[in-house]
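Let me begin by presenting the structure, written as structure tokens, before commenting on it.
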Amino acid sequence: MQKIVSILLILCLFTSCDKDNDNNVSQAQITFNFSHNWDGTAVSNSNFNSIIYTNENGEDLSITKLRYLISKITFQKSNGETFILDGYNLVDVTNNTNLVFNPMNTIPIGNYSKVSFTFGFDNDDNYNNYQDLNSASWSVPAMLGGGYHYMQLEGKFIDNSSAEVGYAYHTIRAVDNTKTPLEFQNTFFEVNLGAVVITSNTTFNIEMNIAEWFKNPKTWDLNVLNNALMPNFDAQVLMFENGQNVFSLKSVTP
Amino acid sequence: MSCSNESVEQYVPTPSPLQIPQLFENNILNPTIPIDNPQTVEGIALGKKLFFDPILSGDNTQACADCHAPENAFTDSDRFSDGIDGVFGNRNAMPLFNLAWNYDEKFFWDGNTFSLEHQAFVPVSDPIEMKSSWIQLEQELQEHPEYPNLFQLAFGTSNIDSTLVTKAIAQFERTLISSNSKFDKFLLGEIELTQQELNGFDVFMDEASGDCFHCHGSDKNPLWTDNAFHNNGLDETFTDLGLGAVTGDPADNGKFRSPSLRNLEFTAPYMHDGRFSSIDEVINHYSEGLKNSSTIDPLMKKVAQGGVGLSEQDKSDLKAFLLTLSDYEFINNPDFVID
């Protein structure tokens, strides 16, 4: 008898799985596409390594590397019910990898009052150990509290003496390492994509305006802040503030 | 249906999966092993014999191990290595260890070859290295009293060809795993470091000081390399384009693969052209010897001042830390020496 019940249970499980997967009537697969621009001009790795951009402060600059981490894609209903998609994604524009992110799990179709993702890792996620991120040399030194980078934006700019100088705009959780114990300020942030109705598999096209990192509210002066920014608490807070308007939702396509 | 009842015996060599060190297992992705060349006891043994056998060279005088000696962490102590005719190359021989963790599988200083198997093809027929021909080598191995049987055991065929030769060598090379340095043992909680060594690790990890970790690994990446390509400020103009000669992209000129800092003590001289004979010279280069060029990596700081300007104490501490990456068990491993 026990055997028969087990077999029936297994049959039921397979049947329900088939229904979900084949008909796909109740669950939607979500895709995030990431594209990039400089104040409206599309940016890809083919535009890297040439000094062709000018930031808000008037400095001509190039991009040689851009990669950043997003996590915790969240769908929230008006009744507070929340669905969080598994995983995180290290967008690597330099190597043209992970510009498309397909989380493994799905969400129910329906109306969502808010869709969002996290730039970087929140503090719960930041202090886990990730083999793939370690392999990508993405970790933050323990002397700065450990965890992971949120973004690495690097390139060259023309400084006030007309010399070509490197910059490394690396964002991490802000830390004052002159204090014992270390004092932190959160610099991950939520990117709110607004309300969305999900009726089927859906693609979110996310846009990053790279110029915004140098623009608003802090007009970034690369002559002053160009390197060794990870241990610079104030610089990290300014990056966090400038990052608030960097991302936008370009479109949502079924 | 009758076919399914017939049993066809297929020879299968003995699997010998890589033993992943605990520190690697904990912190980084598993290694890259090609699906068509799994590690086997017989394949590794054959690869080891081939690696140490001068039969691979045109006049049977030079083995892989001549330029990749165990005591030097599988490189040699020469700035440039000479081939069977005494002609020198123009790049420093790279050490060989932890090769299975080169995830992008781009080998040589300029990344010109994809996969370890393809890498092993190159020196045999290179006219300034072993200067053999694959046709000649295949014939010599085929006529050898031992090799046909060893290939039979490793691959189920005694018909020897270049593909099987390089597969065997690659299997052996993947077993060259270095994970027992003093610093590894420190990370595993087995030993303590001196204060000077700890200070040196701080110099290594401090973005406002040495800032070595962005390209050369960390306590979270025990490979001590990112296996990526950088211009680290060696020259203002390039006589060797490095990656740029491979990609054809001027933005890649002067870029070379970051070597691992593990076993640095055994692998002098340093850089792609072996220009620095000591670790002190390397540290001095990053401290005050940087030269500007169009493709210098943005992570090379204070280029106008020559570099990060380490104090003598910082330099001494950094060197003490770097020496903790020496793996004496690796260079003395009896499994890596021919009987």
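Among the residues of B:200-209, the average count of other protein chain beta-carbon atoms within 10 Å of the residue beta-carbon is 4. Inter-part distance, the range B:129-162 to the range A:184-231, computed on C-alpha centroids, equals 58 Å.
Remark: spin-label model distance residue B:302-residue B:143 equals 6.4 nm, labels positioned 7 Å along the Cα→Cβ axis. Placing dummy labels 7 Å off each Cα toward the beta-carbon, the span from residue B:239 to residue B:312 is 3.3 nm. Pull up the DSSP beta bridges for the protein assembly as shown and report the antiparallel fraction as a percent, rounded to 5. Percent antiparallel among DSSP bridges in the protein assembly as shown is about 90. Remark: A:248, A:200, B:326, B:125 ranked as A:200, A:248, B:125, B:326, counting other beta-carbon atoms within 10 Å and listing the fewest first. Bridge orientation summary for the range A:27-253: considering DSSP beta bridges with both residues in this region, about 85 percent are antiparallel. In plain terms, the residue of A:72, A:156, A:250 with the fewest other Cβ atoms within 10 Å comes first and the most crowded comes last, giving A:250, A:72, A:156. Computed over chain A with a Gaussian network model linking Cα atoms closer than 10 Å, the most mobile of A:40, A:155, A:166 is A:40. The mean sequence distance of close C-alpha pairs (under 8 Å, at least 6 residues apart), as a share of the length of chain A, puts its relative contact order at 23 percent. For the residue pairs B:255/B:319; A:218/B:106; B:131/B:301; A:114/A:156; A:156/B:315, alpha carbon separations beyond 31 Å are given by A:218/B:106; B:131/B:301; A:114/A:156. Label sites at residue B:192 and residue B:249, each approximated as a point 7 angstrom past Cα along Cα to Cβ, lie 4.9 nm apart.
The HN-Hα couplings worked out from phi for the range B:295-300 by the Karplus form 6.51 cos²θ - 1.76 cosθ + 1.60 (θ = phi - 60°) are 10, 4, 5, x, 6, 7 Hz, whole numbers, x standing for Gly and Pro.
The distance separating the Cα centre of the range B:235-314 from that of the range B:86-113 comes to 17 Å. Ranking of A:183, A:212 by neighbouring Cβ atoms within 10 Å, starting from the fewest: A:183, A:212.
Laboratory data are not the source of any read-out in this text; all were calculated from the coordinates shown. None of the values given here were measured: they were computed from a predicted structure. Note: ideal-geometry Cβ built from the backbone for every residue, glycine included; neighbour counts use all protein chains shown.
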